[in-house]
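Data block below; observations after.
Every number here is computed from the coordinates shown, using simple stated rules; none is lab data. Computed from a predicted structure; not experimentally measured. Every residue, glycine among them, receives a Cβ derived from its backbone with ideal geometry; neighbour counts consider all protein chains shown.
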Ligand SMILES: C[S@@+](CC[C@H](N)C(=O)[O-])C[C@H]1O[C@@H](n2cnc3c(N)ncnc32)[C@H](O)[C@@H]1O
């Protein structure tokens, strides 16, 4: 099943609605990066989108190179060098103190693509540097159910549907809604984003990292969604 999206504005090849991502602010990512990256260090952000995290990293003093395959996403990035490319095809000259692969891109269903994404992380990190991966742990997949969600400012994020379509392969549809702010004219905007995700256990993740020349060092967050990996 391919990833798709619907709603106003451009939609990226992976189904991400650009105008929706413009509405979101950063979460705890800058602190997570700072745990493993020297102050003022270089960060390669893979799948950077509109710069939701990039901008917070730049403000914190990191020198960021933002990579994305979507020109509509990258056009919104400020304060960082942008590179329009597919992560799996990226071959930059330089090496970085930290390489970030966020947004659960590592849970992609295609095993060969997952390997290529991790290989891109490995070939761009400095010796002694950090690879920071945001994944969806197995137990988090097990808790997925239709109707779960959260509020982020004016935005309501809901898992509208989820199904385990074959063992360990989930297909989910997210619904994003944003009403007009108080005193504003206009109608509610609604987007959907449908994606597939492979349930990986800790051992499988370690093996995938090892296959790309990386070693799982530790989890950086209590919910274990951020992983620190280092060159093996
Ligand atoms: C869900 S958005 C999240 C963006 C950003 N990481 C954030 O958290 O705000 C995922 C982004 O990854 C990009 N992306 C997905 N797969 C990619 C690939 N193989 N190569 C380059 N960009 C990719 C999409 O174009 C999209 O901008």
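Given a cut-off of under 8 Å on Cα pairs at least six residues apart, what relative contact order in percent is computed for region 137-232? Each step should come with its number before you reach the end.
Values: 155 pairs, mean separation 18.9, N = 96.
It rounds to 20 percent for region 137-232.
Among 180, 13, 137, which one moves the most in a GNM of the chain with springs linking Cα atoms closer than 10 Å? Of 180, 13, 137, the Gaussian network model singles out 180 as fluctuating most.
Compared with the alpha-carbon gap, the fully stretched path from residue 78 to residue 203 is longer by 41.2 nm at 0.36 nm per residue. The modelled label-to-label distance for the pair residue 63/residue 159, using points 7 Å beyond Cα in the direction of Cβ, is 4.1 nm.
Of all DSSP-defined beta bridges confined to the chain, some 65% are antiparallel rather than parallel. Dividing the helix sum by the residues of the chain, where each DSSP H run of 4 or more adds -39500 (n - 2.57), gives a mean residue ellipticity at 222 nm of -6000 deg cm²/dmol. Fewest-first ordering of 215, 91 by other beta carbons within 10 Å of each residue's beta carbon gives 91, 215. For region 51-183, the gyration tensor built on C-alpha atoms gives an oblate shape. Its axis ratio a/c (a ≥ b ≥ c) is at least 1.5, and a/b is not larger than b/c.
Going by neighbour counts of Cβ atoms within 10 Å, the residues 116, 59, 222 line up, fewest first, as 222, 59, 116.
Here each label is just a point 7 Å from Cα along the line to Cβ, and for residue 224 and residue 145 those points are 2.1 nm apart. Peptide packing for 163-174, 191-202, 29-40 was compared via the average number of neighbouring C-beta atoms within 10 Å per residue; ordered from the highest value, the list is 191-202, 29-40, 163-174.
Note on residue 2 and residue 89: their simple-model spin labels are 1.6 nm apart, each label 7 Å out from Cα toward Cβ.
Comparing Cα centroids, region 1-77 and region 134-177 end up 20 angstrom apart.
As a proxy for reagent exposure, ranking 178, 121 by other Cβ atoms within 10 Å from fewest up yields 178, 121.
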